[in-house]
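Below is one structure; the comments refer to it alone.
Every read-out reported here was derived from the displayed coordinates using simple, explicitly stated rules and does not represent laboratory data. Because the structure is a prediction, the values reported are computed rather than measured. All Cβ positions, glycine included, derive from the backbone under ideal geometry; neighbour counts span all protein chains shown.
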Amino acid sequence: MKILVTGGAGFIGSHVVDGYIAAGYKVIIVDNLSTGKRENIHPAAKFYQIEIRSAQLEEIFQLENPDIVNHHAAQISVPFSVKNPQEDGDINALGFLNVLNCCRENKIKKVILISSGGAIYGEADEYPTSENYAPRPLSPYAIHKLISEYYLAFYNHQYGLDYTVLRYSNVYGTRQIPHGEAGVVSIFITNLREGIKSNLYAFPDEPDGMVRDYVFVKEVVKANILALNKGSLDYINIGTGLETTTGQLYSMISDLMNVNEKPVRAEARPGDIKRSCLNIEKAEKIWIGNLKYLCNKRSRKRSIFLLIAVN
Ligand SMILES: NC(=O)c1ccc[n+]([C@@H]2O[C@H](COP(=O)([O-])OP(=O)(O)OC[C@H]3O[C@@H](n4cnc5c(N)ncnc54)[C@H](O)[C@@H]3O)[C@@H](O)[C@H]2O)c1
């Protein structure tokens with residue numbers, strides 16, 4: 001089976017590519033290297049440095065004839081999307097539409113779309129938030145992720161295209177870029193190592209920082225492998241169901257690194273939401289407990305410890 005992974009040179013996409021190749025699949029990567037890196041690319045993958053919005057994408061589909069498309073390419077910064085909603089929509093909604101048109105033209109068997117459970121639900125009334133909760137996105141990034149989900153449902157309805165949507169919580173792991181506005185685990189580790197003060201963004205009524213659900217990239221890779229054959233026409237949260245404030249995360253990392261450096265309190269940024277945490281019962285049910293051990297604070301501490309060791 002041949003899988004085309006968009007964004008396969010990026011943080012999460014490159015781990016997914018590694019997982020697919022280790023599982024014996026052939027992989028084609030499409031990435032414009034805007035944030036992705038050449039060194040992340042698995043040597044056994046075939047790489048095309050192109051833009052998902054370009055007409056050239058259709059040529060790659062015709063040439064490679066993939067069976068499955070896994071769509072990770074995106075503009076990932078929420079604050080950027082607030083400042084530049086049009087550009088975010090151009091990449092994240094219209095870019096995906098171009099991918100979908102190529103899928104339709106080339107009879108792709110299935111699309112795995114990466115959405116954001118950490119963003120699309122907005123400030124929910126239900127925690128941990130399940131897939132049945134009606135999303136109320138509060139940033140252009142979240143809106144365009146949700147639009148992509150709607151387009152996918154339309155392409156299934158109209159053209160019979162199969163799909164699985166994976167709604168990630170906050171992912172951390174190796175290769176995450178420490179500069180920029182996303183990837184707080186990587187930012188804290190890098191800053192603590194280099195003696196740089198970290199910002200701890202917080203709302204006035206939530207002084208210890210925002211509540212997030214942090215999931216290790218290796219678990220996300222497993223979900224992407226399982227999604228090749230399961231979860232048809234379904235929307236599945238991928239997270240841990242564990243709530244952690246940014247302050248707790250900072251303390252855990254600084255303790256593990258044995259660095260006594262306090263963060264600087266800063267105001268929440270445009271588009272930030274106060275709380276997000278995903279209900280992962282559906283993932284556990286569909287994938288028969290494969291993700292169960294995600295819900296374990298000790299395993300999180302261990303994975304962050306390992307991350308510090310290799311960073
Ligand atoms: N990091 C998280 O915590 C998180 C949480 C929820 C969802 N996601 C989603 O997971 C996916 C991967 O995110 P990531 O954290 O690995 O980010 P990343 O920036 O490392 O990866 C995105 C990749 O897409 C590529 N790309 C961006 N725009 C492109 C374009 N127009 N054409 C071709 N390639 C393009 C980049 O070069 C990069 O390699 C994204 O869809 C993101 O929205 C991430």
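Just to confirm my numbers, what's the Cα centroid distance between segment 126-197 and segment 216-234 in Å? Taking the Cα centre of segment 216-234 as reference, the centre of segment 126-197 is 15 Å away. The residues packed around Glu206, meaning those with a beta-carbon under 10 Å from its beta-carbon, carry a net charge of 0 if Lys and Arg are +1 and Asp and Glu are -1.
Rounded to two decimals, the Cα-based Rg/Rh of the chain, with Kirkwood Rh, is 0.95.
Neighbours of Val165, meaning other residues whose beta-carbon lies under 12 angstrom from its beta-carbon, give a summed charge of 0 when Lys and Arg score +1 and Asp and Glu score -1. Normalising by the residue count of segment 4-111, find the relative contact order in percent from Cα pairs under 8 Å and 6+ residues apart. The normalised contact order for segment 4-111 reaches 29 percent. Percent of Cα pairs in segment 1-126 per distance bin of 5 Å, from zero to the largest separation: 2, 11, 22, 23, 19, 12, 7, 3, 1, 0. Pairwise inverse Cα distances across segment 87-129, averaged and inverted, put the Kirkwood hydrodynamic radius at 12.6 Å.
When the trypsin sites (Lys or Arg not before Pro) in segment 133-199 are filtered for DSSP coil states and for at most 15 other beta-carbon atoms within 10 Å of their beta-carbon, the remaining sites are Lys197.
For the chain, the longest principal axis of the C-alpha atoms and the axis of helix 217-226 are separated by about 30°. Listed by chain and number, the lysines placed with their C-alpha closer than 16 angstrom to that of Lys83 amount to none; residues fewer than eight positions away on the same chain are left out.
By the count of neighbouring beta-carbon atoms within 10 Å, fewest first, Ser299, Ser169, Ser186 end up ordered Ser299, Ser186, Ser169.
How high is the relative contact order of segment 177-222, in percent, counting Cα pairs under 8 Å that sit 6 or more residues apart? It comes to 17 percent, rounded to a whole number. Once the Cα atoms are used to define both axes, helix 95-105 deviates from the longest principal axis of the chain by about 30 degrees. I need to check one value: relative contact order of the chain, counting alpha carbon pairs closer than 8 Å and at least 6 residues apart, in percent. In percent, rounded to a whole number, it is 18.
Kirkwood radius, segment 158-311, all distinct C-alpha pairs, inverse of mean reciprocal distance: 16.6 Å. Summing charges over neighbours of Asp31, with a neighbour being any other residue whose Cβ is under 11 Å away from its Cβ, gives +1 when K and R count +1 and D and E count -1.
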